[in-house]
Amino acid sequence: MKKSYQDIEYKRDNGEIWFNDLKRKRENGPALNTNRYSEYNDSTKSVHAGQYDDPETGALGTPIFQCSTFYLNEKSYEAIEEGRGRDEMIYSRYGNPSQWSVQEKLSSLENAESSIVFSSGMSAISSTLLAILDKGSHLVSSRDIYGGTYNFLYEDLDKFGMSVTFASPTNIKEIEAAIQENTKVLYFEALTNPLLKITPIKELVALGKKHNLRVIIDNTFLTPFNVKMLDLGVDIVVNSATKYLNGHSDLIGGTVSGSRKLVDRIWPQMLKNGGSMDPHACFLLERSLKTFALRMRTHNTNAMALATYLESHPKIKRVYYPGLASHNQYDLAKEQLKGKNSGMISFEIEGGDTNAHALLNYLKLPKEATSLGGVESLISLPYNTSQASLTKEQQKAIGINDGLVRLSTGVEDIEDLISDFEQAIHKTFKK
Ligand SMILES: Cc1ncc(COP(=O)(O)O)c(C=O)c1O
């Protein structure tokens, strides 16, 4: 006989583990007829994977399912009773065909069993960590982590009885030394901001295996086009979709991908935190992802050309770019990034922050704005944006030197970008 809700609640009130009484099925995926194009390459996947063509109308392309709720039926009642509403049409915070469509495209691009889209990168990160960590557990993370993530780890984890130790993302020995008896997770970024340090993923995964820890990587700066983290043995990959995945600087979003089992564990945390992605944002993200591979190829080649140009310029003191032989992890970059490198560049200009400000004023194409990964080049100074909360001494101690500039290279014509830098550097030193 089927159990009623009252039975389940009654058992819970009596302190029994009511979850075990549920006949949970693990669904294969969303209740939609879409194709992942898994056997194809990234450009083809970007264009076709996950798209839902409406059989009723024959409309080509995923419609926007702009609804908060759905008609209930036998299937949805059963899914509610069994606590597996993730892939049924019930309520849009649980799931919505617009979300599933873009999630299927992401799973295809990440080579993942499953993915979830979130209302922001921070929502994806905080929900993932709260879902994977238990009370009393500890994680090791990076000293160079994104500020929003640092704030969550440093300010909020202890409210949940969890703790964190920060270590260098490039020093596996230091990371291992930070592991404690209660450590459960290694949480790092694949490429750091703004100095573009490379986390050695294979070594980190081996360390995770040795100590039975989950490895979670924020791959926002690289994306699955440049490195597929799950193929390297990472358990969960997160991205701020606000950046390269969407690529048009017009939405805020986040993604999580991994095994169905782990992503199913993150999904109820997303429900509790309320961070699901709005259907219209899903439409924008899915549409943007159609040109993802196309955009990434240009970001990468433009950045390589611009980094080479900047490095040869007498007024540029130093360039940080993984594709340059001068990068202090060049061999690791070659192995891990396989020549794709990144669209991000940082560099130090002669004359410090004063000249850095002048340069930004004279540049016509790159927009002076925070964020990254847009089709337009975006430029900012870490000292008064991403690292503004640090004192000058602290900034120096972590390598944020006077005159450091961060550039997210867009997809403009490379000749135009180089001549824009040429004229702006010239004007900066003429004054
Ligand atoms: C590496 C990295 N991770 C996560 C985030 C947070 O993403 P969002 O702003 O979409 O919440 C950012 C934002 O800049 C980021 O740079």
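Just so you know, all these numbers are worked out from the coordinates, no wet-lab data involved. Bear in mind the structure is a predicted one, so any value in this text is a computation, not a measurement. Glycine also receives a Cβ, built like all others from the backbone with ideal geometry; neighbour counts cover every protein chain displayed.
Some observations on this one:
- Cross-link reach is defined here as a Cα-Cα straight distance under 18 Å, omitting same-chain residues fewer than 8 places apart; for residue 427 the lysines meeting it are 315, 317, 364, 367.
- Centre-to-centre separation between the Cα atoms of segment 193-252 and those of segment 283-298: 18 Å.
- Checking the cross-link pairs 197/396; 228/338; 173/209; 105/202 against a 18 Å limit on the alpha carbon distance flags 105/202 as lying beyond it.
- Neighbour counts of other Cβ atoms within 10 Å put 357, 426 in the fewest-to-most order 426, 357.
- Shape box of segment 142-209 [Cα atoms, principal axes, largest first, Å]: 31, 29, 15
- With helices as the sole contributors, the chain gives -11500 deg cm²/dmol at 222 nm; each DSSP H run of n ≥ 4 counts as -39500 (n - 2.57), and the sum is divided by every residue.
- Charge dipole of segment 41-131 about the Cα centre (unit charges at C-beta), most positive-ward option of 129, 92, 60: 129
- Segment 112-169-segment 258-280 distance, computed between alpha-carbon centres (Å): 15 Å
- For the chain, the Cα-based Rg and Dmax, in that order, read 23.0, 85 Å.
- Given charges at Cβ of Lys, Arg, Asp, Glu: the chain dipole, positive-most of 31, 281, 166: 166
- Fraction of alpha-carbon pairs over 16 Å apart in segment 229-272 - percent: 49 percent
- Over segment 38-177: Rg over Rh, Cα atoms, Kirkwood Rh: 1.07
- The C-alpha atoms of segment 210-249 occupy a region whose extents along the principal axes are 40, 14, 10 Å, arranged from largest to smallest.
- Isotropically averaged projected area of segment 292-430, using the convex hull of Cα atoms (one quarter of hull area), nm²: 8.1 nm²
- A simple spin-label model places pseudo-atoms 7 Å from Cα toward Cβ; at residue 397 and residue 168 they are separated by 1.5 nm.
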